[in-house]
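S.K.: Let me begin by handing over the structure; questions about it come next.
Throughout, read-outs are computed from the coordinates displayed, never taken from laboratory work. Since we're looking at a predicted model, the values are computed, not measured. Here Cβ is always computed from backbone atoms with ideal geometry, including for glycine, and neighbour counts include all displayed protein chains.
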Amino acid sequence: MTGKDSSEIIYSQNFSKKAKDNIDLDKLDYSEDKRFSFSSSELPEENSVNQILFPAIIITVSAAAIILFFTIRSD
């Protein structure tokens, strides 16, 4: 916003907007329409880290927690 007959800036405010372009898998049917081919696409495959490493970490941590629980309880 500038003043009358002036190039001086009186007021300035920055606007920003964030958008998410990911869709949850359970809501995918709401966004895709079978009649229009441009609205549907193939799902990307999960990489090996998501398929192997994360479940292995969860199982290891759970096993360690159970072992520690019974070890500490037996003392």
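S.K.: In nm, what is the difference between 0.36 nm times the number of residues separating I58 and I23 and their Cα-Cα distance? Don't jump to the answer; show the numbers that get you there.
M.R.: On the way: separation 35, 0.36 × 35 = 12.60 nm, distance 2.54 nm.
Residue separation times 0.36 nm, minus the Cα-Cα distance, leaves 10.1 nm.
S.K.: Considering only DSSP states other than H, G, I, E and B, which GluC sites (Glu not before Pro) in segment 32-75 qualify as loop sites with at most 10 other Cβ atoms within 10 Å?
M.R.: Details: sites: E32, E42, E45, E46; in loops: E32, E42, E45, E46.
Sparse-neighbourhood loop GluC sites (Glu not before Pro): E42, E45, E46.
S.K.: May I pose another question? From the phi angles alone, apply the Karplus equation (6.51, -1.76, 1.60; θ = phi - 60°) to segment 22-33 and give each ³J(HN,Hα) in whole Hz, x where the residue is Gly or Pro.
M.R.: Each residue's phi maps through the Karplus curve to give 9, 10, 4, 5, 6, 10, 5, 5, 6, 9, 9, 10 Hz.
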